[in-house]
Every structure is written in C-alpha cells, then in structure tokens.
Amino acid sequence: MATTANQLLMPGAFDPSKIQFEPLARNQRGGKSIKVGYQGCRGYVRLQTPELHLPFGLSVFDEEDRSKTSTSMECSLDARNGDQEKMRKFMQMMQALDEAVFQHCLANSVECFGKQMTADMLREAFFRPIVREGKLKPDNTRYPPQMRVKVSSLAPPKLFDAARNEMEWETEAGKYKGHVVKMILQIQPVWFVNKMFGLSLRLQQMIVMHAPTPDNACLFVDDGSASSLPPALPPQVLPLKPELVVSVPKGDPQAPATKHEHPPAQGTKQGDAFVSKGAKAEPGGSGPAKPAIEASTRIKA
C-alpha cells in the first residue's frame with residue numbers, strides 16, 4: 001500500500017520491514033541524530049494511537065542549563081476502553097520501532113558510539129526504549145506499561161474535543177491529568193546523549209475522548225426515584241382571608257351582636273396608620289379615620 005505525506009501509519013497496517021534509516025547526521029555543536037523513515041512515506045512519519053490514559057497530565061521542567069523548558073506527557077497503555085486488541089497491536093508497533101532502532105545502532109556502533117558494542121552492553125546500559133515497563137505496586141504487581149511523548153512549546157499541538165471541535169491548548173503543569181485521549185504522533189530522529197540513545201515521539205494533535213468531572217462541578221444525577229428533587233416552583237401569593245365583623249347597635253349595649261363577613265380593608269398607608277378606602281383621615285394625618293360603626297370590633301376569621 002502506497003503512503004503519502006499526509007497518510008498516517010495505523011497499528012494494524014504497520015510493516016516493520018519498511019522502516020528506513022538515513023545516514024548519521026551531526027549538528028554544529030557535534031550532536032548526533034539519525035532520521036527515521038518509512039517506505040513510501042515522504043517527510044516525517046506520523047502514526048495514530050488508540051485511546052490512551054494520561055495519569056499525570058503535562059510535565060514541565062527546565063533543562064539542566066536552564067536554557068529552555070521541556071514539556072512531555074506520560075501515557076499509560078492500559079486499554080481503558082476495553083479494546084485490548086487495538087492496544088496489543090499498538091504496543092507491537094512501538095516495540096518493532098524500538099527493535100529496529102536498536103539493531104541499526106548495534107550494526108553501526110563504531111560510527112554511533114566510537115567503538116564496537118555488544119548487544120547486551122548496548123541494551124542494558126545505553127538503550128532507552130519508547131515503551132517502558134510499568135513500575136512495581138506495593139503488592140508486587142506492576143502498573144500498565146507507559147510511554148513518553150514530547151510536547152513542543154514552539155509549535156503547540158492542535159487539541160480537539162470528542163466532537164472534533166478545536167480547543168485552545170493549555171500549558172500549565174498537570175493539565176489533562178486523568179484524560180483519555182487519542183494522539184497523532186510524529187516520529188523524531190534517533191537521539192544520542194552521553195552514549196544513551198533512543199527514539200522519541202512528538203505530539204502533533206490530540207483528541208479528548210473522555211475528561212474527568214471537575215471537583216467543583218455538581219455531581220448529582222437523576223436516579224429516577226420518587227424522592228428526586230422537583231424543579232423549583234415560582235413564589236405564590238396567598239389570598240387574604242375575609243374578616244368577621246361583630247356589630248353592636250349604637251346606644252344599646254344590651255342588644256345582641258350580629259356577625260357578618262367583611263372583605264379585607266383596602267386603602268393606603270399614611271405614616272404608621274392604615275386608611276381605609278372611602279374614609280377620611282384625622283386632621284394632620286396622625287391616624288386612621290374613625291369607622292362608620294363606632295362600637296364595631298373586627299375579629300379575623
């Protein structure tokens with residue numbers, strides 16, 4: 001299958017026999033590197049990962065000479081989406097890349113390291129593979145294998161959500177911790193530092209498949225039970241109860257009182273007194289008007 005400059009290498013279609021190496025190159029300061037290619041692919045080789053878990057997020061640290069800042073991310077190869085077959089094929093591809101780099105540098109060890117090296121010496125002391133064995137847990141089992149990807153500060157990667165909408169890339173340490181992502185990775189040249197060597201991968205694009213819920217977010221969900229909280233109701237204005245009026249005829253205190261309902265008083269407030277509608281206020285507005293029935297007593301129903 002022919003490849004182009006824009007085509008990605010997928011784990012299921014990867015053929016280790018098509019890996020190619022250019023001659024050893026040296027920069028102005030004497031640093032050595034070997035560019036890695038793939039048959040039929042022009043330029044840098046790019047590959048797509050399955051879903052990866054980011055246990056720590058971005059790691060940011062200064063180089064030893066403080067001349068620049070390096071950013072990277074550790075990726076856990078634990079197939080959290082349950083697709084073990086895709087993860088198995090991806091790890092096989094990474095291990096095949098590692099082995100191809102190792103065998104090429106072993107065959108050219110005089111040029112790469114200045115002397116002939118044995119396989120055991122080279123592998124144990126100097127080789128840094130892409131995929132590393134997981135660390136030991138307290139119960140003597142191991143965490144899933146991990147690999148490190150580099151993040152360029154000069155050319156930040158493109159970031160997308162699960163709907164493929166582009167988002168802004170953020171650079172603070174710990175960002176993207178706990179995310180499950182897919183990546184487009186660019187294979188960088190083989191590096192050599194103090195006789196140590198290995199292959200590095202640079203992040204070009206990342207799509208977030210799942211992000212953890214923020215600690216300050218509302219975590220409640222509707223569980224379908226009868227006790228689920230109903231939507232908030234608007235405030236209600238309750239009607240006033242009618243008043244019960246007891247009337248005693250004027251001038252006859254011995255006469256029996258009669259009861260009848262009287263609607264709530266309507267009127268306005270003057271000072272601290274309430275003036276019924278249709279009544280006159282006392283001179284000076286110092287109090288309410290006298291009721292029409294002087295001996296009346298209002299009793300609330």
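Structural remarks
- If you check Val149, Val193 for being closer than 19 Å to Gln95 by Cβ and among the β-branched types (Val, Ile, Thr), only one passes: Val149.
- Taken across the stretch 125-138, residues that are of a type outside the set (Val, Ile, Thr) and in contact with a helix residue (DSSP H, G or I) (Cβ under 6 Å, 6 or more places away or on another chain) do occur, with at least one present.
- Top-ranked residue of the stretch 23-70 - restricted to ones that are out of contact with any Cys (no Cβ under 8 Å at 6 or more places or on another chain) and of a type in the set (Ser, Thr, Tyr), ranked as modelled with the lowest pLDDT: Ser67
- Hits in the stretch 178-197 - residues which are surrounded by 14 or more Cβ atoms within 10 Å (Cβ to Cβ) and either at positive phi or not in a strand (DSSP E or B) (or both): Gly178, His179, Gln188, Pro189
- Qualifying residue in the stretch 13-22 (condition: at pLDDT below 90, surrounded by fewer than 17 Cβ atoms within 10 Å (Cβ to Cβ) and not in a strand (DSSP E or B)): yes
- Flag if Leu159 is of a type outside the set (Phe, Trp, Tyr) and in a loop (DSSP other than H, G, I, E, B): no
- The lone exception for Leu219 - which of (1) free of Cβ contacts under 8 Å to residues at least 60 places away in the same chain; (2) hydrophobic (A, V, I, L, M, F, W, C); (3) surrounded by 10 or more Cβ atoms within 10 Å (Cβ to Cβ) it fails: (3)
- All conditions but one from (1) surrounded by 14 or more Cβ atoms within 10 Å (Cβ to Cβ); (2) assigned to a loop (DSSP other than H, G, I, E, B) apply to Glu172; the one that does not is (1).
- Scanning the stretch 109-146 for residues that are under 22 Å from Ile187 (Cβ atoms), without any contact (Cβ under 8 Å) to a residue 40 or more places away in the chain and part of a loop (DSSP other than H, G, I, E, B) yields a single hit, Glu133.
The values are calculated or read from the model by the stated rules, or taken from the named source; none is laboratory data. All values derive from a computational prediction rather than experimental measurement. Positions of Cβ are generated from backbone atoms using ideal geometry, with glycine treated the same way; all protein chains shown enter the neighbour counts.
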